Amino acid sequence: MPSPSPDSRFLALRFAAQDATDFGMDDETVRRFAELRDQAATDDAIARELGIDADVVTALVKADDAQALAHRIASGEEPMYPVPEPADRVFDARSGSSAVPLTVLVIVLLGTIVYALVR
């Protein structure tokens, strides 16, 4: 029976591990990292158990957090773009309105009709 395809979390963690260790971490270690994270192990405990540097654990934690955030955004639990603070909101303060271009268009059309009739 073929093994199930890896999920997106595993792929993100494996990519981060490959990037941080120059392909020095195998898939089983990546899976063990995910298990330890799910068990709420500290970064130091993960580094000790897996025998990897703290910098590698930090890179994997960042990748795991980013994947979790992407999942929350995709499932609608969190907005993609947070609502800006009231002081940061943008307001349209331009002069005029949508009636101005419409009025100009009507005047040009009437002028063209009058010109065609007079001619």
Q) Dividing the alpha-carbon radius of gyration of the chain by 2.2 N^0.38 Å (N being the number of residues), what value is obtained? A) 2.16
Q. Measuring with a 1.4 Å probe in the full set of protein chains, what accessible area per residue, in whole Å², belongs to the chain?
A. 79 Å²
**Q.** Residues whose placed amide H lies under 5 Å from that of residue 78, excluding near-sequence neighbours
**A.** 73
Q) How big is the charge dipole of the chain about its Cα centre, in debye rounded to the nearest 20, if each Lys and Arg gets +1 on its Cβ and each Asp and Glu gets -1 on its Cβ? A) 1140 debye
Q. Gain in length, residue 49 to residue 66, computed as 0.36 nm per residue apart minus the alpha-carbon separation, to one decimal in nm?
A. 3.8 nm
Q.
Can you compute the modelled spin-label distance between residue 108 and residue 77, with each label point 7 Å from Cα toward Cβ, in nm?
A. 5.3 nm
Q. If you plug each phi of the range 44-52 into the Karplus form 6.51 cos²θ - 1.76 cosθ + 1.60 with θ = phi - 60°, what whole-Hz ³J(HN,Hα) values come out, in order, with x for Gly and Pro?
A. 5, 5, 5, 4, 5, 5, 8, x, 10
Q.
Using a 7 Å offset from the Cα along the Cα-to-Cβ direction at both residue 32 and residue 94, what is the distance between the two label points in nm, to one decimal?
A. 6.1 nm
Q: Considering the options 15, 58, 101, tell which one lies farthest towards the positive end of the dipole of the range 1-112, charges being +1 on Lys and Arg and -1 on Asp and Glu at the Cβ, about the Cα centre.
A: 101
Q | Carbon plus sulfur fraction of accessible area for the chain, probe 1.4 Å, in percent | A | 59 percent
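The values are calculated or read from the model by the stated rules, or taken from the named source; none is laboratory data. Nothing here was measured: the structure is a model prediction, and the numbers come from that model. Here Cβ is always computed from backbone atoms with ideal geometry, including for glycine, and neighbour counts include all displayed protein chains. Quick note on the areas: whole protein, heavy atoms, side chains included, nothing else; ligands and nucleic acids left out. Shrake-Rupley method; radii C 1.70, N 1.55, O 1.52, S 1.80 Å.
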